[in-house]
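Taken together, the values in this text are just the output of simple stated rules run on the coordinates, not laboratory data. Since we're looking at a predicted model, the values are computed, not measured. We place every Cβ from the backbone using ideal geometry, glycine too, and count neighbours over all the protein chains shown.
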Amino acid sequence: MKAEKPFFRGVRSGLPIALGYFPIAIAFGALAGQAHLSWWEGTLMSLLVFAGASQFVGVSMLLSGAGAVQIIATTFFLNLRHLIMSLAVNDQMRRFPAAWKNFLSFFITDETFALLTLGDRTEGVTRTPAFMAGLMWTAYLGWVSGSALGGIGAEFIPPQVTTAMTVGLYGLFIGLLVPPARKSSGFALIAGASMLFNWALGFVLDPGWAIVLSTVLAAALGIPLLGEEM
Amino acid sequence: MRIILIILGMALVTYLPRLLPALFMDRFQFPAWFKKWLKSIPYAALGALIFPGVLLVDRDQPLLGLAGGLVAAALSFLNLHITLVMAGSILTVILIQYLI
């Protein structure tokens, strides 16, 4: 068999994310319609923001009559976790031209970050701009096209399917986390501690901050736990 | 017009944190402890993303998300491909929704 081009390998890796995003994006497009956004305004938000949870929150706030500054500030805090994730992704992009790094960083989401750092790591293939672009753009296409469809009024996705697909994205996270956590007790401990931190901090902080703080703190456990070879 | 401005504002404050590491990371030579912290981020982030979020997928039925999550964990213990792990958790949830 002829070797698959890195870009198409990236597309294939990103396909599960796109399929997971698609029905959720349709639900987003429909919600945007309820908040009196035209179909292209909802799609524009997906094109320019590309951060699912914050888009749902933003549109819900519009519906409840929140002010612009309030919505934008909430979006900022909700998406601040991407700063930490971007550190890890950019660590893999060190040798890329600056323009590629700046451009591809736009497409960092919880899911693309998870797949890029813990998914396929074939030497010489996956840490290339082509692979990363293929993966990220596939996810992006799923999100944007779903939003457009939902905005046009294609509400043919029942809420049960959205719930199931959301669990599917959690399945993606779990499926990526379990194999390395089984091999290394250090990784397992870091992940477990982070779950505990996030659960406890959830009582006192809003979810955006709780995730950021848990990630920063639990990753610090790696400093004593991981060997020098890492 | 107000909506467009809100969208542009959301876009800006979302892109900035994503962009910052791309702009500054290669200017620094990181000490060993920082590299270990960096390597630990994916595991820490995924832990925080999974729990307790997976229980809140359906706020009325936390057990629904739990069941999907446990099936995903069991399937990934069997070293199945990530797509099958996802499919397993999705089918579990659909099946439970259908049965109750």
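Details
- ³J(HN,Hα), Karplus 6.51/-1.76/1.60, whole Hz, each residue of segment A:108-124, x for Gly, Pro: 7, 10, 3, 6, 5, 4, 4, 5, 6, 8, 10, x, 3, 10, 5, 3, x
- Folded to 0 to 90 degrees: helix B:32-50 orientation relative to chain B principal axis, Cα: 40
- Based on the reciprocal of the average 1/r between different C-alpha atoms, the Kirkwood radius for segment A:70-153 equals 14.0 Å.
- The angle between the Cα long axis of helix A:207-220 and the longest principal axis of the Cα atoms of chain A comes to about 10 degrees, rounded to the nearest 10.
- 3J(HN,Hα) couplings calculated from phi for segment A:45-57 with the Karplus curve 6.51 cos²θ - 1.76 cosθ + 1.60 (θ = phi - 60°) are, in sequence order, 4, 5, 5, 9, 9, 6, 8, x, 4, 5, 5, 4, 5 Hz; Gly and Pro show x.
- Scaling the Cα radius of gyration of segment A:103-143 by the globular reference 2.2 N^0.38 Å produces a ratio of 1.07.
- In terms of overall dimensions, the C-alpha atoms belonging to segment A:111-212 reach 47, 44, 22 Å along their principal axes, ordered largest to smallest.
- Normalising by residue count, segment A:6-178 has a Cα convex hull of 113 Å³ per residue.
- Note on B:Leu91 and A:Lys183: with the Förster distance fixed at 30 Å, the Cβ-Cβ geometry gives a FRET efficiency of about 0.65.
- Longest segment of chain A lacking trypsin sites (Lys or Arg not before Pro) that sit in a DSSP loop with at most 12 other Cβ atoms within 10 Å: A:122-230
- Radius of gyration (Cα atoms) of segment B:1-70, expressed as a multiple of 2.2 N^0.38 Å: 1.67.
- Using the alpha carbons alone, the radius of gyration of segment A:1-78 stands to its Kirkwood radius in an Rg to Rh ratio of 1.14.
- Structural descriptor for chain A: relative contact order 35 percent, calculated from alpha carbon pairs under 8 angstrom and at least 6 residues apart.
- The helix-only estimate of mean residue ellipticity at 222 nm for chain A, built from DSSP H runs of length n ≥ 4 each weighted as -39500 (n - 2.57), is -25000 deg cm²/dmol after division by the residue total.
- Using alpha carbons only: equivalent-ellipsoid semi-axes of the protein assembly as shown, gyration tensor based, whole Å: 28, 24, 21
- With N the number of residues in segment A:184-230, Rg(Cα) / (2.2 N^0.38 Å) evaluates to 1.21.
- Based on DSSP H segments of at least four residues, each scored -39500 (n - 2.57), chain B has a per-residue ellipticity at 222 nm of -26000 deg cm²/dmol.
- Neighbour counts of other Cβ atoms within 10 Å put A:Tyr170, A:Tyr21 in the fewest-to-most order A:Tyr170, A:Tyr21.
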